[in-house]
Amino acid sequence: MHTQRMAVSVSVLALLTLAACGTESGSRSGSGDGSDTVQSDVPVTGVAWSVDSLTVDGKKTEAPAGSRLEIDPKGRAKAGFGCNHISADARVEGDRITFGKPVSTQMACDETTEKAEKAALAAMDGEVTAKLSGEKLTLTTEGGDTIALSEEKPAGLVGTRWAVNTLLSGETATSVPADLPKERVPHLTFGEDGTVHGNSGCNSFHGKAAVEGSTIDFGPPAGTRKMCPEAEMEVERAVLAALDGPATYTIKGSTLTVTSKDGKGIGATAAPAKSEGTQEHG
């Protein structure tokens, strides 16, 4: 295992925009130039999706918790399985999505995550057909490989344990190293009393966090002052830089993005507090 992190250029986490239609479910309207345009009667715009499983060459792989796939309005698909960032161009036409060659960062991941990422890279290459059934979405390649997804319900900011997996700096994002000791994976929890506490990558911390609308005003954090290996201290510095003063936040499904006024930020995934041990209060 190694802690190399490869930066990737990203935009702010966007909404999945998908026009799902077919010869039976779609309706037709005149375009004014003599041609007909197929329109969808299934509203799926603005939905965040979690990845349930991937099936490639007949082999089904359960996706790690927190796995997500999004396609932004500019035609860029992004997927994440808790380690690397996968991205690809995506052209949406009716119930068809054509992915360009996917690219991925090169972090070392655990075996389960690596298996899911390889399956996703295989499925996100070429044209897929989208089929919506209730809150379930299935993407099927021409060869029969599939990605099964479910509609995500937005997690609540307060009371949720947010596990930090991405460090943001302007238009660049880097993954938190996958081989950090479990007790030093950065996380934070917001309280109803206007506070925040957690671990920044080495030390536990707590501080004020006044939430108003889409803004969080962080007060100076207090906490322990241990020294850790440089990779962990580097993560800690980046996390604390994002939690300094006024910041904006968005929640898309189970993903939280916090961005300070100078462009420093974090991306985090909702996880039950009891699943990662007790909470540190510093």
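Ignoring lysines fewer than eight residues from K136 along the same chain, the ones with Cα atoms less than 16 angstrom from its Cα are K153. In order along region 71-88, the Karplus-derived 3J(HN,Hα) couplings, from 6.51 cos²θ - 1.76 cosθ + 1.60 at θ = phi - 60°, round to 10, 8, x, 8, x, 10, 9, 9, 10, x, 10, x, 9, 8, 9, 10, 9, 6 Hz, and Gly and Pro are given as x. Just add up the charged neighbours of K60: K/R +1, D/E -1, any other residue whose Cβ is under 12 Å from the Cβ of K60. Taking every other residue near K60 into account, the sum is -2.
Scaling the Cα radius of gyration of region 135-282 by the globular reference 2.2 N^0.38 Å produces a ratio of 1.11. Among the aspartates and glutamates, select those whose C-alpha is under 14 Å from the C-alpha of K131, and discard any that sit fewer than 8 residues away in the same chain. The qualifying aspartates and glutamates are E24, D41, E93, D95, E142, D145, E151.
Across region 205-217, coupling constants 3J(HN,Hα) worked out from phi with the 6.51/-1.76/1.60 Karplus curve, θ = phi - 60°, read 8, 8, x, 7, 8, 7, 9, 9, x, 9, 10, 10, 9 Hz, and Gly and Pro carry x.
The count of lysine pairs in region 156-270 with alpha-carbon distances below 21 Å, taking only pairs 8 or more places apart or on different chains, stands at 5.
Taken about its Cα centre, region 100-217 carries a charge dipole of about 160 debye when Lys and Arg each add +1 at the Cβ and Asp and Glu each add -1 at the Cβ.
Note that region 56-109 presents 48 Å² accessible area per residue, ligands and nucleic acids not counted, probe 1.4 Å.
The values are calculated or read from the model by the stated rules, or taken from the named source; none is laboratory data. These numbers come from a predicted model, not from an experiment. Note that each Cβ is placed from the backbone with ideal geometry, even for glycine, and that neighbours are counted across all protein chains shown. Side chains included, ligands, DNA and RNA excluded: accessible areas come from the protein's heavy atoms. Shrake-Rupley method; radii C 1.70, N 1.55, O 1.52, S 1.80 Å.
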